[in-house]
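Before any comments, here is the structure.
Values in this text are rule-based calculations from the coordinates and carry no lab data. Just so you know, these numbers come straight off a predicted model, no measurement behind them. Positions of Cβ are backbone-derived with ideal geometry, glycine not excepted, and every protein chain shown enters the neighbour counts.
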Amino acid sequence: MVAELNPTVDALAGPGGAMQNTPKELLRAEAISRRFGPVQALASADITLLEAEVHVLLGENGAGKSTLAKVLSGIHPDRRDRIWIDGQPVHLSSVQAARSFGIATVFQELSLIPALSVAENLGLVRNPIASPFRWLKSREDVEAAKELQTYQAFAAATGVPILANITEFGTTPLFTAKELAGAGVRMALYPLSAFRAMNKAALNVFTAIRREGTQAGVIETMQTREELYNVIRYHDFEEKLDRLFAKKN
């Protein structure tokens, strides 16, 4: 584990050897250790961060760099840790506690938002960013559009084709295709409509069979063989097969 050392006296000397003001100590951690099962990720690591400094932690894979960063970010808290901020002992018991002291971690690229600048990505945990979707107040608002104006707002804000997921018995009204098109929706999906109708029909049939011992009472609700053949164009397919085998003979 790489340990930061306090600057030497020579490093603090200005031109002609004149002493400069000692940089303020922002954070100090001593003897930080972490074990995960049989793996010793950190063993008595020390680090001191001074004002106006930029630090780089270098080490091979498994050296404990990320673990130390997570300890200081409140992700791996331990009351035995010896950590001082601005000279005062602190317990970084959670991510929120660490953030209250201005400490946050920007993780690898999979956690970044490409559409935002570097500064905006760095400030995500602390600074709300203006959003064209700021009217969304709750999880329900995100999961379901309750008004046609919601589709219009998304279409205007994104400039991409909007798909409406229309399911029954939810909070989204059963808008017509014409209404959706007028609100900027380019595609409408009805993922459960036929499935729910089939389930209800099957339940009615099996209930009748159990009750009456026969399906005769619900036969009028069923699709006939001829209706099925017309839907799947069975006779057209048979004719094509007949012509194909006639050519071979």
For LYS24, the net charge from surrounding residues (Cβ-Cβ under 14 Å; K, R +1; D, E -1) works out to -3
Taking a straight Cα-to-Cα line shorter than 24 Å from LYS70, and setting aside same-chain lysines fewer than 8 residues away, one finds LYS24
Toy charge model, Lys and Arg Cβ at +1, Asp and Glu Cβ at -1: segment 194-248 dipole around Cα centroid in debye, rounded to 20, equals 260 debye
For ILE219 and GLU168, extending 7 Å from Cα along the Cα-Cβ vector and measuring point to point gives, in nm, a value of 2.7 nm
